[in-house]
1. Evaluate the distance, in nm, between pseudo-label points positioned 7 Å from the Cα of A:Ile285 and of C:Arg81 along their respective Cα→Cβ axes.
2. How large is the charge dipole for chain A, taken about the Cα centre, if only the Cβ atoms of Lys, Arg (+1) and Asp, Glu (-1) carry charge, to the nearest 20 debye?
3. Label-to-label distances across copies for B:Glu284, with labels 7 Å out along Cα→Cβ, in nm, shortest first?
4. Under a crude label model (7 Å from the Cα following the beta-carbon direction), how far is C:Ile99 from B:Arg370 in nanometres?
5. Just checking the output field for C:297-304: average partner chain Cβ neighbours within 10 Å of each residue's Cβ?
6. Give me the lysines in straight-line cross-link reach of C:Lys255: C-alpha distance below 19 Å, same-chain residues under 8 apart excluded.
7. Between the chain alone and the structure with every protein chain in place, find the residues of region C:324-362 that drop at least 10 Å² of accessible area; heavy atoms, 1.4 Å probe.
8. Looking at the calculated P(r) for region B:386-432, what percent of the C-alpha pair distances fall above 17 Å?
Amino acid sequence: MGIKDVVPNEVGIEMYGLISRLYPICRSITGDGLRETLNIIREYIPLEMHEVPSGTKVFDWTVPKEWNIRDAYISHSNGERIVDFQKSNLHVVNYSSPIKKRISLAELKEHLFTLPDQPEWIPYRTSYYKESWGFCLSHNQFLELKDEEYEVCIDASLKEGHLTYGEYYLQGTTEDEFLISCHVCHPSLCNDNLSGIALATYLAKHLTALSLRYSYRFLFIPGTIGSITWLSLNEDRVSRVKHGLVVAGVGDSGKFTYKKSRRGDAEIDRAAIQILKESGDDYEIIDFFPYGYDERQYCSPGFNLPVGCLMRTPQSRYPEYHTSADNLDFVKPEFLEDSFSKYLAVVNIIEENRRYVNQNPKCEPQLGKRKLYERIGGQREMAVDQLALLWVLNMSDGAHSLLDIATLAQLPFGKLQSAAHLLREKMLLREI
Amino acid sequence: MGIKDVVPNEVGIEMYGLISRLYPICRSITGDGLRETLNIIREYIPLEMHEVPSGTKVFDWTVPKEWNIRDAYISHSNGERIVDFQKSNLHVVNYSSPIKKRISLAELKEHLFTLPDQPEWIPYRTSYYKESWGFCLSHNQFLELKDEEYEVCIDASLKEGHLTYGEYYLQGTTEDEFLISCHVCHPSLCNDNLSGIALATYLAKHLTALSLRYSYRFLFIPGTIGSITWLSLNEDRVSRVKHGLVVAGVGDSGKFTYKKSRRGDAEIDRAAIQILKESGDDYEIIDFFPYGYDERQYCSPGFNLPVGCLMRTPQSRYPEYHTSADNLDFVKPEFLEDSFSKYLAVVNIIEENRRYVNQNPKCEPQLGKRKLYERIGGQREMAVDQLALLWVLNMSDGAHSLLDIATLAQLPFGKLQSAAHLLREKMLLREI
Amino acid sequence: MGIKDVVPNEVGIEMYGLISRLYPICRSITGDGLRETLNIIREYIPLEMHEVPSGTKVFDWTVPKEWNIRDAYISHSNGERIVDFQKSNLHVVNYSSPIKKRISLAELKEHLFTLPDQPEWIPYRTSYYKESWGFCLSHNQFLELKDEEYEVCIDASLKEGHLTYGEYYLQGTTEDEFLISCHVCHPSLCNDNLSGIALATYLAKHLTALSLRYSYRFLFIPGTIGSITWLSLNEDRVSRVKHGLVVAGVGDSGKFTYKKSRRGDAEIDRAAIQILKESGDDYEIIDFFPYGYDERQYCSPGFNLPVGCLMRTPQSRYPEYHTSADNLDFVKPEFLEDSFSKYLAVVNIIEENRRYVNQNPKCEPQLGKRKLYERIGGQREMAVDQLALLWVLNMSDGAHSLLDIATLAQLPFGKLQSAAHLLREKMLLREI
């Protein structure tokens, strides 16, 4: 086990604490909720803030107006609020245009969204790229609406402003980058994606203390438009990204899922799969598909970056997804901690996955005289650590990386990593 | 779905009608039965007739003599016919030499063929390349033969003449060819291969009305010697064949079987497999083997053409095969129509399987502003058509054809075809 | 079936006879037991003897001292022997340093080895590369030892001398070599590896009488240090080895196991797998791993020779392995004979696996006129031998070997071999 594998004490509880702080804030793809969120993250890691003006062209897209909301409600004519943004920011369709007027039930219904199958839950809906307004409410509340006149108010503004995102760059010994990207645009939803924000924050904090081969870039960006904006502003530097993960949905109780990069056999794909195999836990590997989170942009054919998505239950496969039930009860410190440890283990493989050349390639070197071998021969079984030494020696022909060898040997990566360190000390391996 | 996918009304019934007309004729690898058959097909499509003289050298083979038969029987000494060619042309071993003589039962038996396991059925036997004669009869009839003298008569001729075959060439916008080949040499046997003749005829008729990228060549040839003759006469043009199918056994009730070309991964192989996968019906894929129909010649190593065989139950896997039970009851309009529609669907894929380049390859294009995207975001599932748009965009990097994308996306080819048409209209794709 | 496939009568019984002669001898990696063993083998085949001086540098290793033992025992103070080398040479840890002294039970126990799980059996232990001494005994006997003083005596010598190995080279029509290697260092253990010694001896004897394409090199060497020594002394000639097998554990009742060479897809790998497939017996294929017998050295990355290991039950997978229970009851003539026949069949494939070019590649040649084809057509099934003719013709394009064709056709190699001989006679094939 490398030093990078040691998970800090109580990191799950600390991640949960950050999620709890961020939960009440009404975020969107632009605006003050997003800024407030990034400012809180800056208390943990020295995030660089970027403000990109509305109207900026980013490939086929345009940075949209900044949306800010102060209040919103549907009330009876007597002023009694029956749907209230102050109680849950999910009640307003995110990015709704401002409105204030009296309205009949019939007309109001055209702007209401509910979940008939989950009548207690409020759905989460957005309307980013078409000016529009609406409210979300539980289906039970919807059924109680009487045929009368209502007042609707969305005290919001949609104006020229900025798209805000945060970036943290951790310099390693090479310019090659490992990208960690999470979306920060969702309002009060915990698993999607306060869990990803918390994991990226704590992983960044943890790695800051280590000596690393790769440089690590952490992006806290609004979904879709954020990654498009970052790619557009950094087009000439993107080729430095040698590995990447999109972090989302890492706090629920479900098994782990790894969605491969578009390349399908990138080193990050093999490292993530190796970690899930070694974990002993149930898991699922899915091929890339052009829908999901920001890997859609990183893996567009013009970039085709080696970026996968390591998550627990994938989006849309759990009923709480994009509803008010994705709340502080839905994510748990223990799952967050487990996710953290798997991310760290992937980082460890990527850092330690080297190619070596056996310096004594003709026949085995005599391990005994180097005190690397058991003394009494003839016994039935060989210790796994000795087997790891033999595997590393046999396959270190310059063509096989340690991860390749782990796959061939069906041994844990850490065993081979230790064997390689030992053999390097004994001058039996040379890194290439 | 492309226009090429629309199956004409009642095509199965019409195909069955053609089979019924052709059923009584006694065909062989040469002779008037073959000519009569081709002349009937000419009522449907403008078939070009070829007459190749006996003795013509065609690679390692020689075009054989022309065989014509008028009558044949085995009769008691009182003249009563007990086996009569007029009742079934299967009674005579096809290509038998003429004979007329009195004969003992013992000697006669050396020239009789029966099916002890199917005692009611008459087998179909041939003796093309060794001069010989014989009769086929039901085993029950055989058991009743008494030890007496018989008269045998085969009123046939084997003389210098011609090998006849029919060819229909349908010019497309390119010189690249799609070859459709069926054998026309079997006498009164419906599935093998009047069904194939009917399918090729109606497919030719149907495609004639369409605007096509490929040129289509339909061959109506006697088995083995016919394809060898055609290949020999057209050796210099054979490289134009980019795709091909041998049509046989397409009228029975069995599941579909696709036998791959010798190449194994030709576009025709992938197209046929895609169609069978999409059909939702049970099916079987088998690798190429050097036995079967005329694919043996097309796929000989000196040609190695991308020609597969798309059929229902393969030859020799149904008891009726090459017996009198392969009759007008054995094939059905509904199976013929189903076969027609699958052939047409394969043609559609071959016609529509293009490679495109995404004109906006860096990040996704904004589909919303082009009215290609749903407006209210955050919902759980994505419509399959929208997913098809994303797949075509993501994978159109010049390396993937639509069929490649269909395989990756596990979506019906037609969905991707429609998506590609839409994206091309919006200038987001360019064909290469 | 080629002549090489004919297994001599009673070869299993003869192999068992050789094993019985060699069983009592106390072998080690050096010394007179090894010499005596090789001298007995010289009665069967003209083995060349090599003597390599102690201290010779062989890659990272040094040829060790020569060990010879005359007697050894543990006795009560009254002189009564309770553990006696004369009863079983396994009682002494192989390569033990000489010792003679009185000793307490407590001290003695540090030098004793037993098998608590198999309390009646004596384990086999070695101490080659660390000077040390010890005794092996049954666990039941161990439990009876009382707390008294014992006399231990190992009347052995460890002196400058030689490492001895035997080599038999059988010249074929080419310089390309097939290497057969077996270890000869184990004392009274039958399956590991008197069985391998017997098989190599009788295979060498059998092949001597045949006319062969490859040259065959048989090595009778002490494990590990023997193969390292041979590789070191023959480094410049090693590239002639085109195929190789390590022979060990071929006399037990278990199913066959083939351990692939490090290359994984060498011709020897494919030949061995083909034979096991064809055998109709249960078998197992395992990938290369860098532990086991001398394939560890042949397959070290600096050599990477195409050498696999064809055995019955792999080492350490049977409880008798490296114990006194691996005795003359554990191996049987019938299993030895079965192993011999499988080795011979592998040799046959390697000898006969040629590449041909069809001399009539355009369409099938007319087999009938060459009397290679059935005369009455139309029958349901084709004889397998005729199918073999068609497969060889169709796939003989210069790219496919007979073994490739056997794999594609799923036919026994022998059928294709016969077909190829027949087609070569008819001038339809040319070897390349």
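The values are calculated or read from the model by the stated rules, or taken from the named source; none is laboratory data. Remember, predicted model here, so these are calculated numbers, not experimental data. Using ideal geometry, Cβ is built from the backbone for each residue, glycine included, and neighbour counts are taken over all protein chains shown. What goes into the accessible areas is simple: the full protein's heavy atoms, side chains included, and nothing from ligands, DNA or RNA. Shrake-Rupley method; radii C 1.70, N 1.55, O 1.52, S 1.80 Å.
1. Reported label-point gap for A:Ile285 and C:Arg81 is 6.0 nm.
2. That gives a dipole near 1560 debye.
3. Ordered by distance, the counterparts are at 3.3, 3.3 nm.
4. For the pair C:Ile99/B:Arg370, the computed spacing is 8.4 nm.
5. Mean partner shielding for this stretch: 5.
6. Of all the lysines, those that pass the test against C:Lys255 - Cα under 19 Å, at least 8 places apart if same chain - are C:Lys277, C:Lys332, C:Lys342.
7. C:Asn360, C:Pro361, C:Lys362
8. Looking at region B:386-432, the distances longer than 17 Å represent 17 percent of pairs.
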